[in-house]
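Below is one structure, written out as structure tokens; the observations come after it.
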Amino acid sequence: MAFADDLLKDAYHLAARGGKIPRQSSLRRAVSSAYYALFHLLIADFVLNWRRPDQRVRLGRMFEHRKMSQAVFKFPGATLTPVEAELKKVIAAFAQLQENRYTADYDFGRNWSRIDVTNALAIADEAFKAWRIIRKEKIAQDHLLTMFGARRV
């Protein structure tokens with residue numbers, strides 16, 4: 001998980017640069033790095049469960065950003081358990097951060113404020129905390145399979 005943690009720290013570093021007048025490039029890269037931090041956190045957990053270490057890099061490269069955010073995960077009951085509630089936070093954060101990253105990287109008409117970036121970083125932080133609480137739960141691992149593209153049986 002060190003790489004994902006480093007990316008999140010980099011995002012905070014970029015967001016803090018520039019004093020009172022931060023550069024858009026730093027703010028945009030901070031938003032992008034926050035998304036990639038969560039992306040790599042989830043992938044790292046998935047591939048570390050793979051039995052063959054020599055295949056883990058190849059497996060990690062098979063994840064597709066859009067497929068991951070569009071993965072539909074149906075919760076079994078009408079009322080969410082505490083684990084399901086945490087997973088729902090991670091799913092929502094992933095989709096929001098991906099949308100933010102796309103805007104930061106490609107919408108040149110949008111000016112990012114430090115507050116916008118701070119909000120994105122808070123979403124990433126909460127997703128990291130939620131994921132670390134539930135990462136070993138079966139339902140969390142099932143969702144990783146769904147993000148990879150496997151259908152739920």
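The values are calculated or read from the model by the stated rules, or taken from the named source; none is laboratory data. Note that this is a predicted model, so its numbers are computed, not measured. The area values use the complete protein model at the heavy-atom level, side chains included, leaving out ligands, DNA and RNA. Shrake-Rupley method; radii C 1.70, N 1.55, O 1.52, S 1.80 Å.
Quick rundown of the values:
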read-out	value
Residue within the range 40-58 that is at pLDDT 95 or above and among the basic types (K, R) present	no
Flag if A15 is of a type in the set (A, V, I, L, M) and at pLDDT 65 or above	yes
Test: residue in the range 78-85 that is among the polar types (S, T, N, Q) and farther than 19 Å from A4 by Cα	yes
Residue within the range 67-74 that is β-branched (V, I, T), open to solvent by 70 Å² or more (accessible area, probe 1.4 Å), modelled with pLDDT under 90 and on the phi < 0 side of the Ramachandran plot present	yes
Conditions (1) among the basic types (K, R); (2) at pLDDT 95 or above; (3) under 13 Å from the mean Cα position of the chain (by Cα); number of the one not met by K88	(2)
